[in-house]
Amino acid sequence: MNPKYLAMMAALVLAPAAAMAIGPEVERVTPANRPYIVEVGGPRPLSSRGLDREMKLDSDLEAYLRHYGWPDYAEVQEIEPNPPWAAYEVRVYYLKRNIELAFGRAFVSPSVTNLGVVKYQGLMDQATRDRIVALATSPQTFAQERAPVEIKPVAAPVPAAAPDDAIEALVRRVETAADRASAAADRAAEASQAATTAADRTTTILEKVSR
């Protein structure tokens with residue numbers, strides 16, 4: 001039998017087995033209310049210890065939780081990479097207020113390691129609320145779970161000076177670039193005006209000559 005034919009048959013037989021070994025294709029979904037992201041697979045629950053860790057990596061998440069309190073439920077959702085955003089979001093849910101928030105980290109500089117923002121905030125739809133109600137731990141249990149890992153000194157792990165300085169430097173660079181762009185635009189406008197004046201003079205001269 002033709003060796004090429006045998007190789008082709010073997011490939012056809014082994015292809016399904018290879019696909020099973022790799023695993024089923026991961027579902028990708030674009031939420032109707034957030035068409036600018038693509039969710040990869042389903043969300044994973046985030047423990048209180050994990051949420052504590054994410055707070056140290058995301059400035060807005062830390063500020064929000066310190067301001068408005070611990071959520072009833074938290075989870076991590078992987079998303080397709082979209083620079084400068086991290087390839088996942090931390091999502092928190094408050095049942096009493098019926099709101100959900102998604103936080104994402106942004107990478108703008110190697111020296112800024114905890115820059116994050118609120119990427120989404122809104123009311124939970126009924127399906128999401130039903131899911132969170134079924135999954136959420138009661139606030140008392142959640143608080144008790146978090147208490148042993150809460151950092152008492154709070155002031156100790158605050159290397160905020162370097163990130164703040166880096167952010168300020170980044171802002172200054174952006175402002176400088178904006179000033180340069182504005183100056184370039186002014187020079188371009190002046191050059192355009194000068195060209196227009198010269199063209200007008202040329203037209204006037206030509207009109208005089210043609211008479």
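The values are calculated or read from the model by the stated rules, or taken from the named source; none is laboratory data. Computed from a predicted structure; not experimentally measured. So basically every Cβ, Gly included, is an ideal-geometry build from the backbone, and we count neighbours across all protein chains shown.
Among the residues of the range 84-97, how many are over 19 Å from GLY41 (Cβ atoms) and either among the small types (Gly, Ala, Ser) or surrounded by fewer than 14 Cβ atoms within 10 Å (Cβ to Cβ) (or both)?
Here the count works out to 3.
Name, by its number, the condition in (1) surrounded by 13 or more Cβ atoms within 10 Å (Cβ to Cβ); (2) polar (S, T, N, Q); (3) modelled with pLDDT under 95 that does not hold for GLN77.
All conditions pass for GLN77, except number (3).
Output the strands (runs of 3 or more DSSP E) that fall wholly within the range 32-124 and possess 3 or more residues being within 16 Å of LEU135 (Cα to Cα), or say none.
The strands (runs of 3 or more DSSP E) meeting that bar are 73-78, 88-94.
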